[in-house]
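Structure record follows, encoded as C-alpha cells.
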Amino acid sequence: MRLSEIEMIADNLKFTNRPLWETARLISLFTVAPHMKKAPKLKELFPLPWDEEGQKAELEDMARYAKDMQAISKMLTAKMNQDSNNENNIQK
C-alpha cells in the first residue's frame, strides 16, 4: 500500500462516523424535546463540527464519496454476478 493510499483512507475515515453522530444528535433531540416548552433547534442542542457554514465543500466531498462508493458497489456486485454465472456455466 502506498502512502498516498493511506492518506486517502485517513481523510475518508471522518465520513464513516458522521451518520452515527447525526443519529445520536437526533435521538438526543427526541429525548429532550418533550421536556421543553419550545423545541430546541437540532444544531443548537448538539452542535457538530460540520455544522459551521464553511463546511459546504466538505458536504460536497461527502456526496461525491457516497456516489463513488455506490459505483464501486455496483461494479463489485456485477463482477460477483458475472463470476457466479461463469461458475454455473462450468458446472453444467
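The values are calculated or read from the model by the stated rules, or taken from the named source; none is laboratory data. All values reported here derive from a predicted model rather than from experimental measurement. Note that we place each Cβ from the backbone using ideal geometry, even for glycine, and neighbour counts take in every protein chain shown.
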Considering only residues that are at pLDDT below 80 and either of a type in the set (Phe, Trp, Tyr) or exposed (fewer than 11 other Cβ atoms within 10 Å of the Cβ) (or both), which ones fall in the range 14-58?
15, 16, 17, 49, 50, 53, 54, 56, 57
Subset of the range 1-48, residues aliphatic (A, V, I, L, M), within 26 Å of residue 69 (Cβ to Cβ), in contact with a helix residue (DSSP H, G or I) (Cβ under 9 Å, 6 or more places away or on another chain) and assigned to a helix (DSSP H, G or I), comes to 26, 42
